[in-house]
1. Is it the case that E191 is within 17 Å of Q252 (Cα to Cα) and either buried (at least 21 other Cβ atoms within 10 Å of the Cβ) or touching a Phe, Trp or Tyr at 6+ places or on another chain (Cβ under 9 Å) (or both)?
2. Would you check if there is a residue in region 227-236 being assigned to a helix (DSSP H, G or I) and either of a type in the set (V, I, T) or not assigned by TED's automatic domain parsing to the domain that holds L70 (or both)?
3. Within region 324-345, can you find the residues that are among the aliphatic types (A, V, I, L, M) and either in contact with a Leu (Cβ under 6 Å, 6 or more places away or on another chain) or under 19 Å from R122 (Cβ atoms) (or both)?
4. Enumerate the strands (runs of 3 or more DSSP E) found wholly within region 1-80, keeping only those where 1 or more residues are hydroxyl-bearing (S, T, Y) and on the phi < 0 side of the Ramachandran plot.
5. Sort through V314, V256, V331 and tell me the only one that's crowded, with 22+ Cβ neighbours inside 10 Å and either of a type in the set (D, E, K, R) or within 24 Å of A145 (Cα to Cα) (or both).
6. How many of the residues in region 79-94 are over 23 Å from A332 (Cβ atoms) and surrounded by fewer than 21 Cβ atoms within 10 Å (Cβ to Cβ)?
7. Is it true that P153 is assigned to a loop (DSSP other than H, G, I, E, B), buried (at least 22 other Cβ atoms within 10 Å of the Cβ) and at pLDDT 95 or above?
Amino acid sequence: MHIGVPRETAAGETRVAVTPETAKKLQAQGHTIRIESGAGVTASAPDAAYAAVGAEITDAAGAASCDLVLRVRAPSEAELTLMKPGSTVVGMLNPFDREGLERIAAAGLTGFALEAAPRTTRAQSMDVLSSQANIAGYKAIILAADRYQKFFPMLMTAAGTVKAARVVILGVGVAGLQAIATAKRLGAVIEASDVRPSVKEQVESLGAKFIDVPYETQEEKDAAVGVGGYARPMPPSWLARQKVEVAKRVAQADIVVSTALIPGRPAPTLVTAEMVASMKPGSVIIDLAAGRGPDMNGGMTGGNCPLTEAGATVVRHGVTIVGETNLPALVAADASALYARNVLDFLKLVLTKEGTLTVNMDDDIVAACLMTQGGTVKKAA
């Protein structure tokens, strides 16, 4: 099969869907790989690295017109015109973008959205959300260390003792856990909060303190269990108590990293404007939900903090708020390496040994990821 890998054109997107490592493996399976010139440059993979493993270097049309097209982000309207009806596109197509999926369907493409894979043991090796969130959690702490004008670890020097930075992590999924681990390596004192009681043990195993908010009703306990690896919206009664506890920790924090997302809904507000005003001058907030919060700031989309501005770094009440919307793209080489391996493992489910595409709807992963086929949207969240 001819497999195309176009260069990503979305603003700020530096990742690539196939690396020289995975291109070599696909070539060994008998496929022809066509890489758009420059597709991997921003991920430290020059054209020469692809050519060295036997991939063909081509232009945008040559990559997009293949039978199977592998991408990081969904194709734009202009890119869809380069793709031929009946071909297949695999990437992070955003299952919640109904309009985008309808455009892909109208172009006659079979579309697989990798974010829709079930969060099961069998699907772990192709879980793009986890692989990229892991990188985002790491990079969040590195950005915080860069913006924070003090040390992270406690230091005892001849000029006096420097206290360790106090870090608060809000939301302890994959990104939150990696943020805890990275901050711990840098010597910070860490506290973390999450609605799911099951993560307390993981938080403490990484050396952080869990901000415990007791559950008073069965409704609160049921909501806290979550679904599919994500938290569910919590009852107002519990949220009110959590807000009080979190506000105390945020006021004392030097660094706050917020990671809370609920699929298909605006990100919840965890750090209010009042909390930001209570923080010490020079503190830093890294909002991993930037761009996915309620509409705030005169039409700009915030995140877990209403003062966040998507794609920008701002200072409010003396606190630096970082609103980067694509942290994995800031670690493009490793982010691409992990993503490309996720893609490679998914392809094992849809490519036969003969090199043809098959859509096995009896496979729960394939069925979950299939978004468009035969000119229609098969599924949209």
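1. Numbers: within 17 Å of Q252 (Cα to Cα): yes; either buried (at least 21 other Cβ atoms within 10 Å of the Cβ) or touching a Phe, Trp or Tyr at 6+ places or on another chain (Cβ under 9 Å) (or both): yes.
Yes.
2. Yes: region 227-236 contains one or more residues that are assigned to a helix (DSSP H, G or I) and either of a type in the set (V, I, T) or not assigned by TED's automatic domain parsing to the domain that holds L70 (or both).
3. L338, V343, L344
4. 32-36, 56-58
5. Within the list V314, V256, V331, the selection yields V256.
6. Adding up the residues that qualify gives 7.
7. Details: assigned to a loop (DSSP other than H, G, I, E, B): yes; buried (at least 22 other Cβ atoms within 10 Å of the Cβ): no; at pLDDT 95 or above: yes.
Judged against the criteria, P153 is not a match.
Residue-wise test of (1) at pLDDT below 95; (2) within 14 Å of E115 (Cα to Cα).
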position	(1), (2)
S336	no, no
V343	no, yes
F346	no, yes
L349	no, no
K353	yes, no
M361	yes, no
I365	no, yes
K378	yes, no
A381	yes, yes
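The values are calculated or read from the model by the stated rules, or taken from the named source; none is laboratory data. This one's a predicted model, so the numbers in the text were calculated from it and none came from an experiment. A quick note on method: Cβ atoms are made from the backbone with ideal geometry, for glycine too, and the neighbour counts reach across all protein chains shown.
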